[in-house]
Structure formats: C-alpha cells, structure tokens
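Heads up: the structure comes next, in structure tokens.
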Amino acid sequence: MRSMRIAPVVAIGTLATLLPALTPAAAAEAGPRTRTATAAGTGAAAADPLQRYTRQKPRWTRCGAETPAELQCATIVVPLDYSRPGGKTLSVAVSRTKATSARDRRGVLLLNPGGPGGSGLDMPVWMAPELPDEVKKRYDLVGFDPRGVGRSAPVGCGLNDDELQWQRPYKAATFAKDVRWAQTVAAKCRARNGSVLPHLTTRNTARDMDVMRAVLGEKKISYLGYSYGTYLGAVYTQLFPRRADRFVLDSAVDPERIWRGMIQVWAEGAEPAFTRWTTWTAARDATYGLGRTPAEVRATFWALVARADRDPIVVEGTAFTGDDIRVGSRAVFFDVAYAAESIVRLKEAAAGRTPAAPRTSERPAPVPPSFTPFGPGAAGPAGARLGTSAADVPSDNGDAAFWSVVCADTRAWPGDPEQYRRDAIRDKARYPLYGDFASHIKPCAFWGNGSEPATRVNNSVGALILQNEWDSQTPLVSGQGLRRAMKGARMVTVLGGQGHGVYGMKSCADATATAYLVTGRLPARDAVCRTPAPEAGHAQRLPLPTPQGLPGGEGRF
C-alpha cells in the first residue's frame, strides 16, 4: 500500500552483466557501475558505460508551490535500454525528505505504492505520518515515479472510456467484440509509444533504482514497497543482492504468477472470502436479515445477481447489472461487515426501497491518495497532488503504464484468443464470482514481447514480507509464493487481517517491521499475529478508493 542508503560507488562486475541476454546468475550482479577488460585481455579498464548516469549531480528544488518545503524533487536520466547505455534516454522524477536526525541517519528508504502505474513521487509526504519517528530519524524518505509513470516520461495510449474498461465478463455473444477491444488497446499503445514499450519493465525500473542509489551516493538502499512494489523490490534483490539492505515487502505479489496468474488469483482468492462472509453474515441474521445459514446468505446474493441480470438494480442513481455486482463485490467480500452492509443496501434497492444509511458507526481514516492497489485505472495524473502541472501527463497514464509493464514483463501471455475463451469458461465454473473476468482476453495477447524474459526470483537475500490473511488484491497464497522464492526472508502473517496493506495501518505487524528497519534484525522465523475479529456495526472498510471496480482503485496491485 505504500515504500531506501550512502558512500562512493565502487565499480564491480563487467559490462556483460548488464546485457539482458546473459544468464540470471550474471544478471544478478547487473550493477550500474561496471568495468570491462580490453579485447586483448590485458585487464586495462575501459570507460564505464554507465558513468554518465551514475555520476549525475541532481538539482534538488521544491516539488511544488503547495507542497511542504522539505519535500524536494529532482530529475535524473537513465538509459531507455540498459544493453545500449549510449542510446536513447528517459527522465525519472525523484523526491526526498531528509532524515530528521543527522546523528542517527543510516541512509535512504525508497518507497513504492504499487501499480504497475502508481505514482510514488509524493509518497514521502503522505507516508511520513504513518511511519514511526525512529524510522524517520534514520532514513531519507525517497519517492519516485517509475519509468513511464507520472513525471517520468509518461506513456499514454489515447484510450477512450470504453477502452479503459478492462474487467469484462465472458459471453459468447460478445467474445469477438472483446477480442477487438484487446487488439485495439494494444495497437493504440504501440502507435503512440513505439520502441519505448519493450523497455517499460519491472526489470528496468529496478535498474533505474540502482542508478538512483549511485546518484544518491549510497552503497546500499533500503526499501518499503506495497503490492506491485513487492515484486519490484524482489526483482531488485535478484539483480542487485549485495546492494539491498533492509527491504520490507508489504502485501506480496507471487513472482511465479506474474502477470496473468496474479489476475487469476483474484478469482481463486475471492471464493474462500465469499464463503467466510456467508458464515459471518448468517451468524448475524438479526442484524442484516440476509439469511440464517451460510447457504441462505449465498442464495440471497446470487438471487440479487440474477435479478440484476434481468433488470438492473438502481442504487443512488447508478444501475447495476449482475456482472456489475460480481465485479464490484469481489474485493468487498474480504471485509465482512462492509460487504454485509453493501448487500443489504442492494437488496433494499432491488425491493424498491430507498437504501438506509450504512449501519457502520466507525470508518477508517481516508486512504492516502497515492496508494494504488494492483490493476489499471487507479492512478490519476501525477503532479496534481504535488501542486505542479500535470498537463503533460496523459489522462490514461495509469492504464497505459499498467499494460506496458504487465505485458512486457513476461512472455507467458497466450497469443491465441481461443485459449482465453476456454480458460474463461472453465474458470467461471470453478470461481463463479470472478473467474471469467480474470481469465478473459487481455491486451497482452497482442502486445508483443518485452526487451527480455521475466526475472526469476530465487535468492537468499534478507527481507521482511508482511501479509494480511484476507487481502483482496494479493491473497495470502500470493504472499506465501514470494516467501518461497525469497529463502532468506521472513514473513509475518496477520491472522484475521482484512484489506490490502499492512504497515502503517495500525496492524499487529507494525512493531516487527519498525524493529527491522531500525535494527536490521529479522525475526528468527516466520511469525503470525492476530487482529481482533470484525463485528457488525464496525466495518473496517477496505482501503480502496472506489466501490465498483474500474475505473478506480479496486482493480490494481
């Protein structure tokens, strides 16, 4: 939900380690400062191909007229293609607030809010109140817009409102139309961005982070990354294991499932959440009146879906079809009390009554505006929140950046539309709530390959993984997948924890994360802690900006 260090940079490795065609073992030492030997093998050092980037002197200025004076921004230049560092370049926007204690300062803490496509430039501002003083004393908080996002060479595809709607149910009658939609999105993105698209990858953003490390004068970086940011952090540890200091990976993406599998895991994770909700709600039938048994509660929900398929249900001026209810409810069921209230209001509207005001007597504080759970459509133009001009940021930048990374990161997307049809039919039967949405056709089917294969995360770098048991965007099984890949990590699971994002949300895992950032000591073993069970009238609403899915924050890592 929301997430680095100091000294002269020493040249290590060889130029070959920067080239994407080489082995993962070689790429693991893919540092931005390298030396090469002469062809004759004399050992004489040739010019460092990344020296022009790593020796930049950033010009720090106030980020915007309406931002705190202590938030400073700068722009650094990075290679578009790290295998051709002398070629085209991109500009990356970086921000920072300095550590509050010069005596206690340890280094820098890079922050990433998720995405792909989430702007992190203002994260030092809205994360500061959530972080303990002991952390802020030790670290400069460093935010940045990843390549292609916000103020970092933003991409746009010129997508209209219909093209932005990507959560599409499978129907035989509309399948050809949906395939054309996916082709159109891919074609528009290629037409507007051309040769840039293959290089908008997590792997290259991790390399950009290492250039930041060098420019900031750090030997190592620490990191706090949420959601998609956990995958970005994990890739950094794979490429630069000796430069990763204290890494907190919150609400984790499974690197073995990027990216189609991570969308499909939403469908898998929704079914047990729905089952849990039916049990919880049946035990409170006197409050909600949705059914006395889990089976009755389940029947009430599916009857509303069927009714809305025949005749849309209008709630506060918005008409909901059955498909709208399915896609909008998927994440809501992870918060049992809020879900119960939502279905009660839907039931009242279906009966022709004006829905009553929510029963909830307690709501959480507003979500910081930059938090972007995984999926396209959530991120607004960066710059607006910083009090700076966002005129040069395309309105569809969040979606364009999302598809760019998700499609270019991996070559595992099927290219045959019929594969998507078969999978959507199969998964709607397996996972009735969301299975067809998850497995249906996506623009990545027609995108074309990225500049290099996906990164295989498999290392022993120390890190702390935080995971709620009931997380809608990165379900528990996803966090467990990252833990298997990072053998040197430790994982804290919040049993009963609801929502997407752990650290800074007043979680029982906060103390462990703070202790790690302050002392560097990981727990001796994986651990669990327990959050109080939710009760009726005290819904802990999911930290998602909108209740209905796209366009909005609900469909993003």
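Listing for the model above:
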| quantity | calculated |
| --- | --- |
| Residue satisfying all of: in the stretch 73-93; in a loop (DSSP other than H, G, I, E, B) and touching a Pro at 6+ places or on another chain (Cβ under 6 Å); surrounded by the fewest Cβ atoms within 10 Å (Cβ to Cβ) among these | Ser83 |
| All positions within the stretch 201-218 that are of a type outside the set (A, V, I, L, M, F, W, C) and more than 17 Å from Ala99 (Cα to Cα) | Thr201, Thr202, Arg203, Asn204, Thr205, Arg207, Asp208, Asp210 |
| When residues of the stretch 403-418 are limited to those that are buried (at least 24 other Cβ atoms within 10 Å of the Cβ) and farther than 11 Å from Lys442 by Cβ, the one farthest from the chain's Cα centre (by Cα) | Ala408 |
| Answer from Ala319, Ala299, Ala337 - the residue that is more than 22 Å from Asp427 (Cα to Cα) and part of a helix (DSSP H, G or I) | Ala337 |
| Extreme residue, nearest to Pro79 (Cα to Cα), among residues of the stretch 95-148 that are in a helix (DSSP H, G or I) and of a type in the set (A, V, I, L, M, F, W, C) | Met123 |
| Flag for Leu304 being closer than 13 Å to Ala350 by Cβ, assigned to a loop (DSSP other than H, G, I, E, B), modelled with pLDDT of 95 or more and of a type in the set (A, V, I, L, M) | no |
| Only listed residue being more than 16 Å from Gln167 (Cβ to Cβ), buried (at least 19 other Cβ atoms within 10 Å of the Cβ) and among the polar types (S, T, N, Q), chosen from Thr278, Thr287, Thr293 | Thr278 |
| Among the residues listed as Arg151, Arg213, Arg168, the single one being crowded, with 24+ Cβ neighbours inside 10 Å, among the charged types (D, E, K, R) and assigned to a loop (DSSP other than H, G, I, E, B) | Arg151 |
| Hits in the stretch 249-262 (condition: closer than 22 Å to Ile425 by Cβ and surrounded by fewer than 24 Cβ atoms within 10 Å (Cβ to Cβ)) | Arg257, Arg260, Gly261 |
| Residue match in the stretch 450-465 (condition: part of a strand (DSSP E or B), among the hydrophobic types (A, V, I, L, M, F, W, C) and either surrounded by fewer than 24 Cβ atoms within 10 Å (Cβ to Cβ) or in contact with a helix residue (DSSP H, G or I) (Cβ under 6 Å, 6 or more places away or on another chain) (or both)) | yes |
| Qualifying residues in the stretch 466-501 (those that are in contact with a helix residue (DSSP H, G or I) (Cβ under 8 Å, 6 or more places away or on another chain) and assigned to a loop (DSSP other than H, G, I, E, B)) - the one nearest to Pro241 (Cα to Cα) | Ala489 |
| Exclusive hit being closer than 30 Å to Gly120 by Cα and surrounded by fewer than 24 Cβ atoms within 10 Å (Cβ to Cβ), set Arg242, Arg246 | Arg242 |
| Every pair of residues 6+ apart whose Cβ atoms lie under 9 Å, when the first sits in the stretch 217-240 and is within 19 Å of Thr54 (Cα to Cα) while the second is modelled with pLDDT under 95 and part of a helix (DSSP H, G or I) | Leu239/Ala27 |
| Selected residue [surrounded by 14 or more Cβ atoms within 10 Å (Cβ to Cβ) and under 22 Å from Pro129 (Cβ atoms)] from Cys529, Cys508 | Cys508 |
| Yes/no for Asn112 being at pLDDT 95 or above and surrounded by fewer than 20 Cβ atoms within 10 Å (Cβ to Cβ) | no |
| Leading residue by the ranking (farthest from Arg330 (Cα to Cα)) among those in the stretch 423-449 that are surrounded by fewer than 20 Cβ atoms within 10 Å (Cβ to Cβ) and hydrophobic (A, V, I, L, M, F, W, C) | Ala445 |
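For (1) part of a strand (DSSP E or B); (2) within 18 Å of the chain's Cα centre (by Cα); (3) of a type in the set (Lys, Arg), each residue gets a yes or a no:
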site: Ala186; (1), (2), (3): no, no, no
site: Arg192; (1), (2), (3): no, no, yes
site: Arg203; (1), (2), (3): no, yes, yes
site: Ala206; (1), (2), (3): no, yes, no
site: Leu224; (1), (2), (3): yes, yes, no
site: Gly229; (1), (2), (3): no, yes, no
site: Gly233; (1), (2), (3): no, yes, no
site: Val248; (1), (2), (3): yes, yes, no
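Results for (1) surrounded by fewer than 24 Cβ atoms within 10 Å (Cβ to Cβ); (2) under 30 Å from His500 (Cα atoms), shown as yes or no for each residue.
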site: Ala176; (1), (2): yes, no
site: Trp181; (1), (2): yes, yes
site: Cys189; (1), (2): no, yes
site: Leu200; (1), (2): no, yes
site: Arg203; (1), (2): no, yes
site: Lys219; (1), (2): yes, no
site: Tyr228; (1), (2): no, yes
site: Leu232; (1), (2): no, yes
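The values are calculated or read from the model by the stated rules, or taken from the named source; none is laboratory data. Since the structure is predicted, the reported quantities are computational estimates derived from the model, not experimental observations. Here the Cβ is made from the backbone with ideal geometry for all residues, glycine too, and neighbour counts use every protein chain on show.
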